[in-house]
Amino acid sequence: MSCSGCSFTGISTAVEDSFVGVRFREETNLTLCSTAGKIYGRGDRVIVDLEAGPAFGQVEQSPMPVFKPCQKSSARPIVRGADENDTAAFDRQRHNEIQGKLYAQERARALGLEMKISLVDFSLSGKKAAFYFTSDGRVDFRQLVRDLSSRFSVRVKMVQVGARDEAGLLGGIGVCGRTLCCSSWLKEFRPISIQMAKRQSLSLNPSKISGQCGRLLCCLAYEDDQYKTRNPGGRPTTQLPVIADV
């Protein structure tokens, strides 16, 4: 995949002391973070300023290679090294997330809401919490929000996600044996059709061409353009009906 963050076309393997790789929770990928000239070693715990607010992470690579200028501009700044108070806040955060998911599931069942709680994300400060859920239709979760807000004394945000987004949030290992693309690097979902699998002469067994989300594998689109060019005009010899799975 090409980077669209800048027009830089070269490749540099320069290693700079001012950038390190930080892991948040059980995330597979490392986040590039700027150190503002300070030195952080592997294993150091740090507080990083993310878009959603301050987050607790651990340095896993120091220093970290920077390949393109756009990577530097998108690096998240490290605010400071984590102290005992930050570690205690992180422990409370994880505890609240576990308890929050259990409580939300219990209340959703009690209220008769047709929804599945996928992930709960508390802020490090403990003032905000996002509850991600999946549902086949619209859900009136106003009473649930009131119950959650009262139980944990936080500002609650309910976020409905699709099957593919849920897989990206939860992560996992795909049929290829590697980390799910949607949880590591894939940021946008392309429409996938069964025609792509047919062009590549793949088995149409749903268990073979479906991902953990139950939808067609995103990787069916990676080489689809190459298969199209095998026939004149970029079209398969036999016109096949397109069954979209988005």
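The values are calculated or read from the model by the stated rules, or taken from the named source; none is laboratory data. Computed from a prediction, not measured in an experiment: that's the story for all the values here. Note that each Cβ is placed from the backbone with ideal geometry, even for glycine, and that neighbours are counted across all protein chains shown. Ligands, DNA and RNA are stripped out before the accessible areas are found, and what is left, the full protein with its side chains, is counted by its heavy atoms. Shrake-Rupley method; radii C 1.70, N 1.55, O 1.52, S 1.80 Å.
Worth pointing out:
- Sole exception among (1) within 22 Å of the chain's Cα centre (by Cα); (2) at pLDDT below 95 for residue 127, by number: (1)
- Of the set (1) without any contact (Cβ under 8 Å) to a residue 40 or more places away in the chain; (2) touching a strand residue (DSSP E or B) at 6+ places or on another chain (Cβ under 7 Å); (3) under 26 Å from residue 51 (Cβ atoms); (4) surrounded by fewer than 18 Cβ atoms within 10 Å (Cβ to Cβ), all apply to residue 128 but (1).
- Residue match in region 149-161 (condition: modelled with pLDDT of 85 or more, in a loop (DSSP other than H, G, I, E, B), open to solvent by less than 70 Å² (accessible area, probe 1.4 Å) and more than 24 Å from residue 23 (Cβ to Cβ)): yes
- Strands (runs of 3 or more DSSP E) lying entirely in region 65-135 (those with 3 or more residues that are touching a helix residue (DSSP H, G or I) at 6+ places or on another chain (Cβ under 9 Å)): 116-122, 128-134
- Pairs, first at pLDDT below 85 in region 52-81, second part of a helix (DSSP H, G or I), C-beta under 8 Å, six or more apart: 66/72
- Evaluation of residue 32 against (1) within 27 Å of residue 172 (Cβ to Cβ); (2) modelled with pLDDT of 75 or more; (3) among the hydrophobic types (A, V, I, L, M, F, W, C); (4) not in a strand (DSSP E or B) (one fails), failing number: (4)
- So residue 196, is it more than 28 Å from residue 105 (Cα to Cα) and hydrophobic (A, V, I, L, M, F, W, C): yes
- Residue list for region 162-204, restricted to those being outside any helix (DSSP H, G or I) and farther than 27 Å from residue 30 by Cβ: 191, 192, 193, 200, 201, 202, 203, 204
- Where a residue in region 170-192 is open to solvent by 60 Å² or more (accessible area, probe 1.4 Å) and its partner, wherever it lies, is hydrophobic (A, V, I, L, M, F, W, C), with Cβ under 6 Å and at least six apart: 190/221; 191/244; 191/246
- Whether a residue is open to solvent by less than 30 Å² (accessible area, probe 1.4 Å) and modelled with pLDDT of 90 or more was assessed, and residue 133 passes this test.
- Boolean, residue 118 is more than 30 Å from residue 19 (Cβ to Cβ), surrounded by fewer than 17 Cβ atoms within 10 Å (Cβ to Cβ) and small (Gly, Ala, Ser): no
- Residue match in region 89-104 (condition: open to solvent by less than 20 Å² (accessible area, probe 1.4 Å), more than 20 Å from residue 215 (Cα to Cα), polar (S, T, N, Q) and without any contact (Cβ under 8 Å) to a residue 60 or more places away in the chain): yes
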